[in-house]
Amino acid sequence: MPPKFGTSGLRGLVTELTDALVARHVRAFLAACPHGGALHVGRDLRASSPRIAAAVAAAARGVGVEVVDCGAVPTPALALASTGAGAAAVMVTGSHIPDDRNGLKFYTPSGEITKADEAAILAALDAEAAPAPAEGALREDAGCGARYVARYVEAFGTDALDGLRIGVYQHSSVARDMLVDLVERLGGTAVPIERAAGFVPVDTEAVAPETRAALPGWAAEHRLDAVISTDGDADRPMVADAAGRIVPGDVLGPLTARLLRAAIVATPVSSNTLVERMQPGFELRRTRIGSPYVIAAMAEALDADPAAAVVGYEANGGFLLGFEAPAPAGALAPLMTRDAVLPILAPLAAARAAGIGLEELAAALPARFTAADRLQEVPTDRSAALIAALTDDPEARAAFFDTGAAEAGLDLTDGLRLAFENGEVVHLRPSGNAPECRCYVEAASAERAEALLAAHLQRLRDRLG
């Protein structure tokens, strides 16, 4: 499958992300979108990322744009630096997908590109670049990551994690050392775990079975209060409690929104419905899956009321902050891009302040449980064809879905999401940036959610191979 735009920028096989293709997209981005005269460039820890980042920098400098090399940094740290400087940015990352793939995430001076920006970039791909009077300058920003860490130390305070032992599953996250530093600066004790030499594709929305199996052992061995991690570019969190149980992203999101006193929450249709049941509640905006759609809903709320206390989150845990929010030790400036650190720190700090464990904090929420996974190496057109057939045929749906209850509602906002009379939900969707078919489920217990997921993944395997 050739590189294409999905829900998280341009993605494709490393072999197809040639220097020439990368340069075309960078030049089109700089021609079609505002950039403030400079381009910040960051990258994750994939083997291919330094080469692709060099191609991004060369293309920008070739059209006379100054390049600020931020090195290997989390995506939200890069976005914080570029938006603060009134400049554009490109992050070289494939996020959670395997090492044989990579990608580009684009940012204008105001934040992530919109779907309209994406269309403008694609329209400009074949345009001839105007000759530059001179090559753009190149400079380094060695403090990009440090400023990102300082943002959270200043907002949460140096005792926010006092007394807590936090395991940091390091693998190949670009934030692996930063997380250790952050835990220590917030008063906790950081315990680094499983640092990888090569790239490990950690999907926080579908944590690998071997990682789930290892978490309870790590928690017990090191006497941990929690285990934290991120995906490859650190815009999606992974958090487990003292027993090594994963706290899903769409639980971290509502907990974080509550701590920040948000009034309006934007989240995709795939997120847990517990947020509808929380008291006091939020004004909720449901969207399609992907941060561009969440950002669009947040922007709509801010257009109506610039002072709106609006946030967004996704089922993968990425959290977006749309207003200057009160934090335990200070204010947090808006950051309208998916972030992993805020939804890690906020629940941990809230639990510690309340004198309870993370598991108790989560258990106080309405009892709704989700699970998600995906069937990999399935061409998008095959997934889409199956979902279209199920959408169009009630009898086919009745034969395919098995929850023990009748269908109660059908949502086509993004893929096929079915609600059943027993309160369970099954949602199928082709991935927007990889050859995968995603399955999301929701039930009244964690055990039932896992069983529901396993059963419907097997049905997908039977139909899609």
What are the pairs with Cβ atoms under 8 angstrom where one residue, in segment 60-74, is closer than 8 Å to V41 by Cβ and the other, located anywhere, is polar (S, T, N, Q)? Sequence gap at least six, or different chains. V68/S82
Only one residue in P306, P328, P347 is part of a helix (DSSP H, G or I) and out of contact with any Lys or Arg (no Cβ under 9 Å at 6 or more places or on another chain), so which one is that? P347
What number of residues within segment 78-107 satisfy the criterion of being closer than 17 Å to R24 by Cα and either β-branched (V, I, T) or in the same structural domain as T230 (by TED's automatic domain parsing) (or both)? 2
Kindly indicate which of G143, G111, G136 is free of Cβ contacts under 8 Å to residues at least 24 places away in the same chain and closer than 22 Å to A57 by Cβ. G143
Only one of V168, V200, V191 is closer than 26 Å to M336 by Cα and not aromatic (F, W, Y). Can you tell me which? V168
Would segment 358-372 turn up any residue that is in a loop (DSSP other than H, G, I, E, B), modelled with pLDDT under 95 and in contact with a Ser or Thr (Cβ under 8 Å, 6 or more places away or on another chain)? yes
Going by the structure shown, is R285 closer than 30 Å to N422 by Cβ, modelled with pLDDT of 95 or more and among the basic types (K, R)? yes
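So that you can scan it fast, the table gives a plain yes or no per residue for (1) in contact with an Asp or Glu (Cβ under 9 Å, 6 or more places away or on another chain); (2) in a helix (DSSP H, G or I):
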| position | (1), (2) |
| --- | --- |
| A23 | no, yes |
| H35 | no, no |
| L39 | yes, no |
| G42 | yes, no |
| R61 | yes, yes |
| S82 | no, yes |
Out of the residues in segment 12-29 that are charged (D, E, K, R) and closer than 23 Å to T380 by Cβ, state the one that is nearest to the chain's Cα centre (by Cα). E16
Could you give me the residue pairs with C-beta distances under 6 Å whose first residue belongs to segment 436-462 and is assigned by TED's automatic domain parsing to the domain that holds V426 and under 16 Å from A384 (Cα atoms), whose second residue is of a type in the set (S, T, N, Q) and part of a strand (DSSP E or B) wherever it lies, and which are 6+ apart or on separate chains? E436/Q376
Does at least one position in segment 296-307 carry a residue that is at pLDDT 90 or above and farther than 24 Å from K115 by Cα? yes
Could you count how many residues in segment 216-247 are part of a loop (DSSP other than H, G, I, E, B) and either hydrophobic (A, V, I, L, M, F, W, C) or in contact (Cβ under 8 Å) with a residue 60 or more places away in the chain (or both)? 13
So the strands (runs of 3 or more DSSP E) completely within segment 378-456 holding 2 or more residues that are surrounded by fewer than 16 Cβ atoms within 10 Å (Cβ to Cβ) and at pLDDT 90 or above are 407-411
Search result, residues across segment 392-429 that are closer than 16 Å to T273 by Cβ and basic (K, R): R417
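Here is a yes/no grid of residues against (1) in contact with a Gly (Cβ under 9 Å, 6 or more places away or on another chain); (2) of a type in the set (A, V, I, L, M, F, W, C):
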position: T287; (1), (2): yes, no
position: I295; (1), (2): yes, yes
position: E300; (1), (2): no, no
position: D303; (1), (2): no, no
position: P306; (1), (2): no, no
position: G312; (1), (2): yes, no
position: G317; (1), (2): yes, no
position: A325; (1), (2): no, yes
position: L332; (1), (2): no, yes
Unmet criterion (only one of (1) within 18 Å of A206 (Cα to Cα); (2) buried (at least 17 other Cβ atoms within 10 Å of the Cβ)) for L345: (1)
In segment 118-163, the residues that are over 21 Å from T337 (Cβ atoms) and buried (at least 16 other Cβ atoms within 10 Å of the Cβ): A124, A129, G136, G157, A160, L161
Name every residue in segment 39-55 that is under 13 Å from F106 (Cα atoms) and more than 22 Å from the chain's Cα centre (by Cα), in order of residue number. L39
Filtered residues of segment 263-278 (kept if surrounded by 24 or more Cβ atoms within 10 Å (Cβ to Cβ) and either assigned to a helix (DSSP H, G or I) or out of contact with any Asp or Glu (no Cβ under 8 Å at 6 or more places or on another chain) (or both)): A266
Is it the case that segment 172-183 has a residue that's more than 30 Å from A31 (Cα to Cα), among the polar types (S, T, N, Q), in contact with a Gly (Cβ under 7 Å, 6 or more places away or on another chain) and outside the structural domain of L78 (by TED's automatic domain parsing)? yes
For segment 275-307, which positions are without any contact (Cβ under 8 Å) to a residue 40 or more places away in the chain and of a type in the set (K, R)? R285
Can you give me the ranges of the helices (runs of 4 or more DSSP H) entirely in segment 91-201 with at least 2 residues that are modelled with pLDDT under 95? 115-123
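The values are calculated or read from the model by the stated rules, or taken from the named source; none is laboratory data. All figures in this text were calculated on a predicted structure; none of them were measured in a lab. Every residue, glycine among them, receives a Cβ derived from its backbone with ideal geometry; neighbour counts consider all protein chains shown.
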